[in-house]
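What follows is a set of notes on a single structure, which appears directly below.
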Amino acid sequence: MNSKKAMTDKVQPVTNKGSSPAYFSCWDVKSYYDESYIVQGVSFDVREGEILALLGRNGAGKTTLLRSIARMDSPQVMHGEIWLDHKPLHSMKSHDAAMNGVALVPEDRRIIAGLTVEENLQLAQIAPPIGWSIERLYEHFPRLAERRNQMGTTLSGGEQQMLAVARALARDIKLLLLDEPYEGLAPVIVQEIASIVDSIKKQGITTIIVEQNAVAALRLADRAIILDMGNIVFDGTADEVLANEELRHEYLAI
């Protein structure tokens, strides 16, 4: 059986352009760095409260796509449309996308030096907070509550990841973008971060997770998209990927 054809047959059709968009939609998104064509016409929908694992080998275009969604300065050029809750992210700058509910937690976490855990959260929080007060954040992140007066950059790697996610939630977001949240973390901490993300899902927040630890991401996710050379080669359930050894080997090297 031709594995790539079988995988392509499983790709779900995107919402037709011109119709009412899904809660989150990408329509024919293309992203470039200088003359490098990284994301090559990607289209998909995500339901509200869904966790989507965005997978693929290094260089497949995963982080570029996240940065396009968050409207970051790079990539320098992007074509296509990106919609969140019926609002056109593709016409916004990064700060406007953030004000409309998009939060990207980058791989390096970017904890602000010289500030305590609580000060990092306070700096990110909108005023007045709508849904995520500092105390509510501490309920979801009890380890941060224990370290509220500790400098954020002195936390362990797992605790810094918790702080980065909590800081994103402090802005009352709609869409959480996680870039390699398990990078460098021990398995027990990976499980703890996964539990936190799952609890966030129960609050109705939509999440897209890019992760090299594909098995851990798939166990958490509802759906999975696999990119290869900037194109979608699979769009289906996470369970389908976990059950398909040929697919995992060809595109995820697992």
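We did not get these values from a lab; they are worked out from the coordinates using the rules stated. What you are looking at is a predicted structure, and each value in this text was computed from that prediction instead of being measured. Positions of Cβ are backbone-derived with ideal geometry, glycine not excepted, and every protein chain shown enters the neighbour counts.
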- Message: If each residue of separation counts as 0.36 nm, what is the full-extension length gain between residue 85 and residue 108 once their alpha-carbon separation is subtracted?
- Response: 5.5 nm
- Message: Which residues among the stretch 99-116 fall inside the zone where the amide N is under 11 Å from a point 7 Å beyond the Cα of residue 122, along Cα→Cβ?
- Response: 116
- Query: For the chain, what D do you get in µm² per second when you plug the Kirkwood radius from alpha-carbon pairs into Stokes-Einstein at 4 °C and 1.567 mPa s?
  - Reply: 70
- What FRET efficiency comes out for the pair residue 37/residue 150, r = Cβ-Cβ distance, R0 = 35 Å, nearest 0.05? 0.20
- Quick one: among 120, 231, 244, which has the greatest mean-square fluctuation in a GNM of the chain with alpha-carbon springs under 10 angstrom? 244
- Considering amide H positions built from the backbone, and no H for Pro or chain starts, which residues 5 or more places from residue 228, or on another chain, come under 5 Å of its amide H? 233
- Note on the structure: Under the 7 Å Cα-to-Cβ spin-label approximation, residue 172 and residue 186 lie apart by a distance in nanometres of 3.8
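Taking the Cα centre of the chain as origin and charging only Cβ (+1 Lys, Arg; -1 Asp, Glu), how large is the dipole, in debye to the nearest 20?
Once rounded to the nearest 20, the dipole reads 320 debye.
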- Grab the other residues whose beta carbon is less than 12 angstrom from that of residue 191, score K and R as +1, D and E as -1, and report the net. -1
- Read phi for every residue in the stretch 206-221 and hand back ³J(HN,Hα) as whole Hz from Karplus 6.51 cos²θ - 1.76 cosθ + 1.60, θ = phi - 60°, with x for Gly and Pro. 7, 10, 10, 10, 9, 7, 6, 7, 4, 4, 4, 5, 5, 5, 8, 7
- Task: Determine the gain in length on full extension of the stretch residue 229-residue 246; use 0.36 nm per residue of separation and subtract their C-alpha separation, reporting nm with one decimal.
- Result: 4.3 nm
- Item | Helix-derived mean residue ellipticity, 222 nm - over the chain, DSSP H n ≥ 4, -39500 (n - 2.57), to 500 | -9500 deg cm²/dmol
- Rank 236, 225, 204 by how far each Cα sits towards the positive end of the charge dipole of the stretch 203-252 (+1 on Lys, Arg Cβ; -1 on Asp, Glu Cβ) and give me just the farthest. 204
